[in-house]
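The values are calculated or read from the model by the stated rules, or taken from the named source; none is laboratory data. All values derive from a computational prediction rather than experimental measurement. No Cβ is skipped: glycine too gets one built from the backbone with ideal geometry, and neighbour counts run over all protein chains shown.
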Protein chains: 4
Amino acid sequence: MSSRLSVVVVGAGYWGPNLARNFRASPDWDLAAICDLDLERAQRVADAVGGVRVTSSLDDVLADPTVDAIAIATPARTHHPITMAALEAGKHVIVEKPLADESARGIEMVERAHERGLVLMTDHTFCYTPAVLKIRELIADGYLGDILFIDSVRINLGLIQPDVDVFWDLAPHDLSIMDFVLPGGLEVATVAAHGADPLGAGKSCVGYLTMPLTGGAIAHVHVNWLSPTKVRQMVIGGTKRTLVWDDLNPQQRVSVYDRGVDLTQVSKVTTADARDANISYRLGDTWAPALPEREALANVAAEFAAAIRERREARTSGRSGLRVLSVLEASSASLAAQGAPASVDLISLNERMTS
Amino acid sequence: MSSRLSVVVVGAGYWGPNLARNFRASPDWDLAAICDLDLERAQRVADAVGGVRVTSSLDDVLADPTVDAIAIATPARTHHPITMAALEAGKHVIVEKPLADESARGIEMVERAHERGLVLMTDHTFCYTPAVLKIRELIADGYLGDILFIDSVRINLGLIQPDVDVFWDLAPHDLSIMDFVLPGGLEVATVAAHGADPLGAGKSCVGYLTMPLTGGAIAHVHVNWLSPTKVRQMVIGGTKRTLVWDDLNPQQRVSVYDRGVDLTQVSKVTTADARDANISYRLGDTWAPALPEREALANVAAEFAAAIRERREARTSGRSGLRVLSVLEASSASLAAQGAPASVDLISLNERMTS
Amino acid sequence: MSSRLSVVVVGAGYWGPNLARNFRASPDWDLAAICDLDLERAQRVADAVGGVRVTSSLDDVLADPTVDAIAIATPARTHHPITMAALEAGKHVIVEKPLADESARGIEMVERAHERGLVLMTDHTFCYTPAVLKIRELIADGYLGDILFIDSVRINLGLIQPDVDVFWDLAPHDLSIMDFVLPGGLEVATVAAHGADPLGAGKSCVGYLTMPLTGGAIAHVHVNWLSPTKVRQMVIGGTKRTLVWDDLNPQQRVSVYDRGVDLTQVSKVTTADARDANISYRLGDTWAPALPEREALANVAAEFAAAIRERREARTSGRSGLRVLSVLEASSASLAAQGAPASVDLISLNERMTS
Amino acid sequence: MSSRLSVVVVGAGYWGPNLARNFRASPDWDLAAICDLDLERAQRVADAVGGVRVTSSLDDVLADPTVDAIAIATPARTHHPITMAALEAGKHVIVEKPLADESARGIEMVERAHERGLVLMTDHTFCYTPAVLKIRELIADGYLGDILFIDSVRINLGLIQPDVDVFWDLAPHDLSIMDFVLPGGLEVATVAAHGADPLGAGKSCVGYLTMPLTGGAIAHVHVNWLSPTKVRQMVIGGTKRTLVWDDLNPQQRVSVYDRGVDLTQVSKVTTADARDANISYRLGDTWAPALPEREALANVAAEFAAAIRERREARTSGRSGLRVLSVLEASSASLAAQGAPASVDLISLNERMTS
């Protein structure tokens, strides 16, 4: 392996310590410093990882030619200015979700990274859990066949957030995972959002998202702060097999069912009767792959390094962060329109950038 | 108890034998005859219950003054003419779901029964299971408080029906149960339906229904023919407690959680900050009521008799069948409009009839 | 297939109707008659299967040269005389469990059938469920490797039987299944039984059986009438894989875990340290085979016919019934001796008969 | 509250850091020092809790008049000499389980503490989890009625220990919990142990313990290192209700079933028939109490302080550690005798000390 890369963690609040700890433990990285306006807070994080330089000056960090990358764990509204400055200074960037506080700024960030040939990665941590990595691999290998539906439930007695509704609080997890495992990413044209605020909390506490996928498939997300039971489950139906991910069942998180409906389409002019005749049912085995035990953030650190070294996009790129952000924005628009489906305006960006 | 009532079962196909068996075993009823155009089929049903008269003439049945009621288990399109003739002849009627093949006809049936002072009951069998009866009772007693949300999941590897989509096949169960347990019935103004036909079966095989309820609450139904796992679960969140009905867990079908979010609304001009300050969380006990073992159809027969004797509407009245039908029709309209919410036009009927 | 065999069901009480129904539906069998001293009861069973001859004379049945076999569903104490008479008359016999009311009589029955070249089958119905058939097949194919332990739990709020304790009521199921799936059958030399009668019911209501198996393995059974929860679970640990059969989980009754401990035994003089060095752990996949849907008694009827035609022992032979009986008798002896292990004296029989 | 007590943690290996952290955080305690022959190891523990004195001299610790108590987390064979020296020096003692490496030494420790009026507590940590504390409370309040049976299962793919068998590794948990929740403690006269070493590991890897309790009740423990699935479950049947503790179900760890068998004993000369007539079945509700979230070791620290201040035995006293030790020793004796029940010789001690 080539020599280590050098990273500075910017932001020593809630998530920064986790990033610091994992970069410190990574064989790919040297943790060069912790940067926070509150030097005392930075020092506590530095101590916890066994000692590292602290600074309150982002300018100094960006001016330091030995620093390869920065990891941003600051409030969402600061993601854009810090990222733009870092890219300007030639640094690779990994940024906490959400990528930015609005998609227009996210687009700027993505385009700038693209122009400068730098890696801009979104820290969708959950995508790097062993279960989700395995799901992505199975789908990519064609093990499920074409995707027919994705249904995700993330409900719990949750803290009602002061600044965001249940969609912005919980759905980023489901959406970023869908973006990660679907072969083409979460390329949706419209989203319908239905929310409820039955307690009068001033924001949705129960929510449903529906997104048509290509080929007649559908994705659906149920998020709920008011459920007394905790559910973290995703069902991914495919033409060949169907996968159920139950994150709260440590003894069998991922199950693959070789059961389903087969429909043999003989011709496009098939009549209704012929159609029925061509339906058959498979009732095969169930299989649950063994999953390695590895902390997701260790995988995040490794992926960030690999993307830089291989001069490629990270698997959770800035563009994936942008797709998630765009769906959330469209959800808010749909919600404001009483559930009428709203357009997700991101297709153009991808076309522009891949051309 | 007064003397027994006399009933004729019309239709000896799939469901008729179950009706015949339960009327036969009921202390409230005399099973007078089985009526079917196919006399041989009628005879088989008659034999199975230990012998009873058979006939192929509905006219004779309706002309018989000793017959108090008929139970209709014929195809949906015949529900309207048979019911209208029976009401004309002064017979009480219980009819298989759906009440009729379209709501306009259903309205006629309901209005005619109303005018004639006869009982028109819809056989929403599932409402009479011990679990659903207990849920209705708990809600009516205020045990859950005001309803905040109802989320129902009914998924399974299901037979793709030749004539109906997944909404019309499965959602009637969820909708009739919601109508049964909600204090005011399923009085929804709009419904949004999102469906998917990813196999090209010519109809939705995966579907989601969303219905705003009064007071900011929400109801949601997930039906799916393509799921390899079977789920029959309904969560009913209330201001006081939340109930989970898991019909596939015979050891604990109904659980009531004394956990939830409390929001003390001090005033209408409360600021966002004040609001947050007034959120609190309850983490109380869970309780699972013991449920008696009794076949739902036995309860149906008893309720039909009781409604007749007490000269009242049945708990699953013609109007409840009509509400379910209207929501399904609106669902189809929403589906045709790519998920834009569609109006449910039934409020007027209820107003007209209760005035 | 050769022409059908002819069978008479003797005993029209609790189990006889099930036998009659399955022999009637079997392509292998002609149900010739129902025989019961109570002719009225016999007639009811005959009617239920669509009509068949009834008789109260066992002598007539046995004298009838067209009858190939009889199926005995009478009280346990009558199994011996009826079976002996039937074998004398040259009839094949299938007999309800227990084979006899005491093993000495069971031995006579087994030896007589052996001498006359007739099939004597014990109706261990549970062995013919799709799950148990699959377990037997997997073990026979070496899929689990050598068996290390079998742990069976069968607990439930059960009816306290007037005449037998919890061992004789429930353990025959576990023991007959173990006998069925273990490659060499349930060849145990001793059994220790621990029971408790904490309610003062006059017999054990909670019980545990422990049986050393060959090669250092162990079998254990927990039966309990006082448990408020219902458990029907068997774990079979093998050197290669471990199987869990959870009969109350219809979605995944049989799971095979490719996890376990491997111990490489280099030599017999290995020291403790060397031993530790040779322990390793496998953490592989889980696999749940699809199981066909078929009533167990249909398989019983088919096996009985096949054993007769192929002139071989049935898979649940008289000898297997005898092994179960012998373990139960030894259990009672151990129980009387406050749990001191008691000998099971059956090895000799098998040696005698196979020589 | 009175002023804080002063404690020194002796032993900085596996468990010592946990003790140090919890004494440090306790409002009842001042953590005075960490004592270990390996000063470097002691220093690491001291640093982790934010700095505290370290020493390698137990003599100095015991000579220090400001030290009230010591917490011993050293290997089992050193528990006796360290405890005896500490008691001699007038210090209260909490000691890791097992209390000692053999019961004869444990008796000396218990008697010495008794004579000197000092608290000798065994750190049965699991007893102080919220679930077990609740179970103890429910039983003490008579909520379950008289205990009929206790069945504990603790199975897992476990590390095969180099020095102890599966009984000594896992059963101390079950036994100490039984001792904690049973009103009279684990007062058993005999124990039967059945073990298996099917892999040739040189010690039992699968084991069963059976202990008759007073009044015809029974306790049973199943421990297993070879199970691919993890189970941590205890069922406690009582005359009034039955409790199931499933430690791996965080959403419902403790369930209380109001179901069971009632037996009305009219007289001692009741005949079998009369007995049957007096059996009835309750099928009542299930109830799952909410459990607080609190680390067990924090409760341990609080109990140790309370016992000292209130001059009483700790709830997990030296005697309870001794009872567990005695049962384990008797288990080994039973194992050596091929499962014949072995006597537990501790009753005398309790009689001697309470007199």
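Observations on the model:
- When restricted to residues that are over 30 Å from A:T286 (Cβ atoms) and β-branched (V, I, T), segment C:194-251 contains 3.
- The sole residue among B:A104, B:A113 that is of a type in the set (G, A, S) and touching a residue at least 12 places away in the same chain (Cβ under 8 Å) is B:A113.
- Leading residue by the ranking (surrounded by the fewest Cβ atoms within 10 Å (Cβ to Cβ)) among those in segment A:1-27 that are of a type in the set (A, V, I, L, M, F, W, C) and in a helix (DSSP H, G or I): A:A25
- Residue selected from segment A:185-217 under the condition under 26 Å from B:W225 (Cβ atoms) and under 14 Å from the mean Cα position of the chain (by Cα), by the criterion surrounded by the fewest Cβ atoms within 10 Å (Cβ to Cβ): A:E187
- Residue that is farthest from the chain's Cα centre (by Cα) [pool: residues in segment C:218-260 that are surrounded by fewer than 22 Cβ atoms within 10 Å (Cβ to Cβ), in a strand (DSSP E or B) and at the interface with another protein chain (Cβ under 7 Å from one of its Cβ atoms)]: C:R259
- Within segment B:178-198, considering residues that are part of a loop (DSSP other than H, G, I, E, B) and among the aliphatic types (A, V, I, L, M), the one nearest to the other protein chains (Cβ to nearest Cβ): B:A189
- D:A306 falls short of the stated requirement of being surrounded by fewer than 16 Cβ atoms within 10 Å (Cβ to Cβ) and at pLDDT below 95.
Yes or no, residue by residue, for (1) touching a residue at least 40 places away in the same chain (Cβ under 8 Å); (2) closer than 17 Å to B:V119 by Cβ; (3) crowded, with 18+ Cβ neighbours inside 10 Å:
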| residue | (1), (2), (3) |
| --- | --- |
| B:W29 | yes, yes, yes |
| B:R44 | no, no, no |
| B:A48 | no, no, no |
| B:S57 | no, no, no |
| B:I72 | yes, yes, yes |
| B:G90 | no, yes, no |
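- Look at segment A:147-176: where a residue is closer than 13 Å to A:L209 by Cα and touching a residue at least 12 places away in the same chain (Cβ under 8 Å) and a partner is in a strand (DSSP E or B) and among the hydroxyl-bearing types (S, T, Y), sitting 6+ places away or on another chain with Cβ atoms under 6 Å, you get A:D174/A:S152.
- In segment D:224-235, the residues that are under 17 Å from D:I160 (Cα atoms) form Cβ pairs under 6 Å with partners that are among the hydroxyl-bearing types (S, T, Y), at six or more places apart or across chains, as follows: D:P228/C:T242; D:P228/C:Y257.
- Qualifying positions in segment A:201-217 - in a strand (DSSP E or B), facing chain B (nearest Cβ under 7 Å) and of a type in the set (A, V, I, L, M, F, W, C): A:V206
- If the condition is being farther than 16 Å from B:A25 by Cα and at pLDDT below 95, then segment B:42-56 contributes B:Q43, B:R44.
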